[in-house]
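Colleague: Attaching a single structure in structure tokens format; questions to follow.
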Amino acid sequence: MPHSLSSQDVTTPGGLLLVLAILIPFVGMLIGFVFGGGKAQRVALATLAAGLAIVIAIAHALVQSGDAVIYILGGWKPPLGVALRADGLSVVMLVAIAVVICGIGVYARADFGTPSGVKEARAPLTFWLLLLAVWGSLNLVFVSGDLFTLYVALELLTFAAVPLVSLDGRSETVRSALRYLLYALLGSVLYLLGAVLLYGVYGTLDIPLLAIRVRPEPAAWAALALMISGLLAKTALFPLHLWLPPAHAGAPAAASAVLSGLVIKGSWFLAVRIWFDVFAGVVTLPSAQMLGGLGAAAILVGNVVALRQTRLKLLIAYSTVAQIGYLFLMFPLATGLSSAGLDSVVSVNGGMLQAISHAMAKAAMFMAAGLVYATLGHDRVADLRGLASALPMTVLAFALAGASLIGLPPSGGFLAKWLLISAAITTLQWWWALVMLAGGLLTSVYVFIVVVRTLAPAHEGWKPKSPVPRYQQAVVLALALCSFLLGAAVLCPVDVMQIGRTVSRNTLLP
Amino acid sequence: MTTSGLLIATAIGTPFAMLLACLSPAFRKLMPTLLGLAPIPALAAALLADDTLLMFGNAQFKLAFAMDKPGAMLLTVAAILWIASGSYATTWLRNTGHAGSFVVCWLMTLTGCVGVFLAADLVGFYFLLAVLSVGASGLVLQGGTSKALRASAVYLGVALFAEAFLLAGLVMLAWVMPHESLLIRDAAAAISTSPWRDLTLVLLIIGLGMKAGLVPLHFWMPLAYDAAPMPASAVMSGAVVKASALALIRFLPFDAALPDFGLPLAAIGFFDAFYGVVIGLTQSEPKLILAYSSVSQMGFLVAVIGMGLAIGDSGSALAASFYAAHHLLAKGALFLAVGVVATTGRHKLWLVLLPAAVLALGIGGLPLTGGAMAKLAVKPILGDGFVGLLANLSAIGTTMLMLHFISRLVASTASIPSTSAPVGLALPWLLMFIAAIALPWTLYPMTGIGIWSYALQPEILWAASWPTLIGTMPMFVLWRWGKALPQMPEGDLIVIGERALRKVITWGDGLERAEGWLRQWPVATMMLLALALFMGRTLIDWR
């Protein structure tokens, strides 16, 4: 097993923090629900701050000990009990998601404040409670150590995310929400089927134990195929993306940022977990190539269709369809590396960086689109004139986030691309490198079109429809900058992502 | 940090700090007056820094900067061009409303340009090249016309397309570098022993060649130089485009003779050298003629590099840099001259026209000018045979093109005969003129390429004279009957390219319809099931 979670089963120092990371968002949600009204927002913001502190503490514990952070619930060891584990991959995702969600929280203060004179408004209350629920379930996805808890986390995530689509209650957004719900449930059914199959054959759902017990045999093949396809449906990998564009483009900006930046990463992370930590001995190169092929199709089709969109939010949504494709290129690359007897760290790191940098960039882009809508009253790409002088920070943020999606240095997207292309060349799978480079070019076309359109001078006497608070612009820019400067992660002296995973030092970092 | 390191750090740091300072509107207002000062640390570094590495980072990864001989030579002249054009821009910006975005793009381009000249590792080089391209496409956009928008889009598109090739090449190169070094100085040796030598070289040459304006991807050059504001055209045609030539010089393994790569490269280069002249002769805008002359001259430079690679002459790096340095000075000065002439009336015209004519004919190799020295420096690489003949023919062509340029320049004078150019425009132009005349003479012995007494021998002078003389003759014919020549559309091949692009867009139509079909419920659900089955099928291990 080249990369398995460390299989210690004792609670490590800082293990309790994992419980807090999951509990605090949910407790915050309940408190917000009890107090209701305008107080929910304050509770949510306080919870965000507390949660961020906890996540940072977890990262500290991980780096200090140099090994995975583990908590054994109730002292019952697996397979009887349930363990929470955070290795480098989990912690990196925890931190990235916390940063993005805090950014979204600050941004949403303006859009989802309870109007004065009203005791309680439906949309703001729902938004704040669901934001916490999404966060709690994502944290649970990242630290769960067994496949059933992961199933629960995934369901929580779906049920928290679906209502975010239809916050405004218009019939068309309700329709997109239902579309999302139904398709996601189909995915859940497949996942659950796979999990049940595994339990029936191997008698455990604990990840390290399963990793030792699974053999390449029909039951494992069926289980893996079912689970992965279910997760693909939830991640909206092309051609299973029918629900994504209407859902992500129809939701309010802050909600779109949550959905497009964060929620899809939950099911993707689970697919990574299963592929690399449970079924490392079962996966084959052809199956990985298939995932890569779907990813490549997503990149090409998603980007071309994005280019042809006339509305900014739909353009960004289709760009997400394309970017999801990049996340799946790491599968053939990592599997190619391990089947050649090489270390797959490069491609795993590349894929993770892509996920994080996309989370930040896409959240920034959707929120920027929200500000554009507020200023212009529409988001038609053809008529963005005057924006650069009205919202200079937002246009800069959009450009920086775009640069990260294109993969220009020093962005996280660039570092990810460098690592993945290195892996592609090492394993002689040059076609993936070709797709990545072509995808970057297509992305640059629509980013350029949008930025140039905003530079056109406004009509005489044009005034912004409603003023945009400065802090909203600042937070969008900050998230975009995080993504744009993420390439500096290469200067980090330790490879945080691989802590707590049995690895050898990687050597391909640029 | 050593003195040399400090010099290099301030050279890149100064324009970068000024760029960051532009975030504050107060500084942004002040910035146009400081543009001429930003490149001064770069000049100091070029003159004083040595080749010790300046490193940032940790054991796993370092960004490195250093000064090598070709870099020092090109940075010296580039810094002077940046200083002159920056001062020119200060005056030029007084009459425009959008100085803010201009200075931001200017400083970004400057940071990238100085950075690329100094970058000593692959990643830093790629990063700064991207900064340079994005900044330069922003500068083109500052033209403010719809033509500028098109040119900027084309420029950025070609630059990113080229960088995709470059990235692939650099990653392949990084993979074979010894001891996980990413230093450019180890690159040439690593390439020649790499198992992927051929592919790496092809990728690097395509990427850098596109950025150097090789046919058929040269069309961005006339579009961009024509549409950009005058000082921006000067730095772009002079300094910015040399970044890719310098990279070619640094990456290619000149120690090993590689005729399989060198000769095709030289052939493409010579083709460009003539192509630029022919198309340039059909143009009537002075800026466009200069742009096509840049296509031609960059082609010639690439031909020199190609020949150096073919014969494995390690001295060709320095000679090619010298040629590039002269072209940088002369072309930069000529672009500034176009701007000065446009604001000068008939009465004082000769004051600008005469020096401009000397520089222009110098590019064609007029004896005693820097151009003649540059041609002399690359002569040993090109030899006396067929290639030497091609070089002479290209000199004749360039002389024709430059005479055409001068005649069009005369026609573009200001309408009121007594106007004279503002001092703020004329002085930088004068500085560039002096630099373009004096610096080649200084650099020629200083860099050890040759000595004055050799360059002043009568037979050498005669060899330089006859292409100029021959080139003058057909021009009389052309001036007399040249009206009948067809006018090529600006950017020639782009017209075909844009047609192809429209075709691709109609394909997109079909793709969009297909994507819509896939998003129907029955289809998507069947897809999910099919995927699960297929996934299972691919997992079965038949062994």
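Colleague: With respect to the numbered conditions (1) over 22 Å from B:T525 (Cβ atoms); (2) assigned to a helix (DSSP H, G or I), which one is the sole condition not fulfilled by A:V283?
Modeller: Of (1) over 22 Å from B:T525 (Cβ atoms); (2) assigned to a helix (DSSP H, G or I), only one is false for A:V283: (2).
Colleague: Within the set of pairs 6+ apart or on separate chains, which have a first residue in region A:329-346 that is among the charged types (D, E, K, R), a second that is at pLDDT 85 or above, and C-beta atoms under 7 Å apart?
Modeller: From region A:329-346, the pairs are A:D343/A:L337.
Colleague: Can I ask one more? Is it true that A:L226 is touching a helix residue (DSSP H, G or I) at 6+ places or on another chain (Cβ under 8 Å) and closer than 16 Å to A:T149 by Cα?
Modeller: Spelling it out, it is not the case that A:L226 is touching a helix residue (DSSP H, G or I) at 6+ places or on another chain (Cβ under 8 Å) and closer than 16 Å to A:T149 by Cα.
Colleague: Can you tell me which of B:F117, B:F165 is more than 22 Å from A:S411 (Cβ to Cβ) and in contact with a Gly (Cβ under 7 Å, 6 or more places away or on another chain)?
Modeller: The unique qualifying residue is B:F117.
Colleague: Any idea which residue in region A:243-291 is nearest to A:V99 (Cα to Cα), counting only those that are at the interface with chain B (Cβ under 10 Å from one of its Cβ atoms) and aliphatic (A, V, I, L, M)?
Modeller: The qualifying residue nearest to A:V99 (Cα to Cα) is A:L244.
Colleague: Quick check on this structure: which one of B:L501, B:L427, B:L539 is at pLDDT 80 or above and within 14 Å of chain A (Cβ to nearest Cβ)?
Modeller: Matching residue, one of B:L501, B:L427, B:L539: B:L539.
Colleague: Then there is this: Restricting attention to region A:294-303, does a residue exist that is closer than 19 Å to A:S256 by Cβ and of a type in the set (V, I, T)?
Modeller: No, region A:294-303 contains no residue that is closer than 19 Å to A:S256 by Cβ and of a type in the set (V, I, T).
Colleague: Which of (1) under 16 Å from B:R250 (Cβ atoms); (2) without any contact (Cβ under 8 Å) to a residue 40 or more places away in the chain does B:A130 not meet, given it meets every other one?
Modeller: Of the numbered conditions (1) under 16 Å from B:R250 (Cβ atoms); (2) without any contact (Cβ under 8 Å) to a residue 40 or more places away in the chain, the odd one out for B:A130 is (1).
Colleague: Considering only region A:221-242, I want to know if a residue exists there that is more than 14 Å from chain B (Cβ to nearest Cβ), closer than 23 Å to A:Q323 by Cβ, crowded, with 19+ Cβ neighbours inside 10 Å and in contact with a Ser or Thr (Cβ under 7 Å, 6 or more places away or on another chain).
Modeller: no
Colleague: Follow-up question, since we're still on this one. Of everything in region A:299-328, what is without any contact (Cβ under 8 Å) to a residue 40 or more places away in the chain and β-branched (V, I, T)? Give them in sequence order.
Modeller: Answer for region A:299-328, where residues must be without any contact (Cβ under 8 Å) to a residue 40 or more places away in the chain and β-branched (V, I, T): just A:V305.
Colleague: Working carefully through the options B:A342, B:A310, B:A320, find the one that is of a type in the set (G, A, S), crowded, with 24+ Cβ neighbours inside 10 Å and either at pLDDT below 90 or in the same structural domain as B:D260 (by TED's automatic domain parsing) (or both).
Modeller: B:A320
Colleague: If you check A:R380 against the conditions, is it within 22 Å of A:P246 (Cβ to Cβ), surrounded by fewer than 20 Cβ atoms within 10 Å (Cβ to Cβ) and in contact with a Ser or Thr (Cβ under 8 Å, 6 or more places away or on another chain)?
Modeller: So A:R380 passes the test.
Colleague: Go through region A:76-125 and give me each residue that's without any contact (Cβ under 8 Å) to a residue 12 or more places away in the chain and either small (G, A, S) or under 24 Å from A:A53 (Cα atoms) (or both).
Modeller: Within region A:76-125, the first condition is being without any contact (Cβ under 8 Å) to a residue 12 or more places away in the chain, and the residues that meet it are A:76, A:80-81, A:115-118, A:121.
Hits for region A:76-125 are A:G81, A:S116, A:G117, A:A121.
Colleague: Now for a separate question. If you take the residues in region A:102-118 that are in a loop (DSSP other than H, G, I, E, B) and touching a helix residue (DSSP H, G or I) at 6+ places or on another chain (Cβ under 6 Å), which one is surrounded by the fewest Cβ atoms within 10 Å (Cβ to Cβ)?
Modeller: Among those residues, the one meeting the criterion is A:T114.
Colleague: Determine if region A:193-215 includes at least one residue that is at the interface with chain B (Cβ under 10 Å from one of its Cβ atoms) and under 27 Å from the mean Cα position of the chain (by Cα).
Modeller: Yes.
Colleague: Here is a further query. In region B:32-84, which residues are among the hydrophobic types (A, V, I, L, M, F, W, C), surrounded by 24 or more Cβ atoms within 10 Å (Cβ to Cβ) and in a loop (DSSP other than H, G, I, E, B)?
Modeller: B:L35, B:A38, B:A49, B:M67
Residue-by-condition table, conditions (1) more than 30 Å from A:L419 (Cα to Cα); (2) assigned by TED's automatic domain parsing to the domain that holds B:A435; (3) not aliphatic (A, V, I, L, M):
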residue: B:F27; (1), (2), (3): yes, no, yes
residue: B:L30; (1), (2), (3): yes, no, no
residue: B:P39; (1), (2), (3): yes, no, yes
residue: B:A49; (1), (2), (3): yes, no, no
residue: B:L54; (1), (2), (3): no, no, no
residue: B:N58; (1), (2), (3): no, no, yes
residue: B:K62; (1), (2), (3): no, no, yes
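The values are calculated or read from the model by the stated rules, or taken from the named source; none is laboratory data. Values in this document were obtained by computation on a predicted structure and should not be read as measured data. Reconstructed Cβ throughout: ideal geometry from the backbone, glycine too, with neighbour counts over all protein chains shown.
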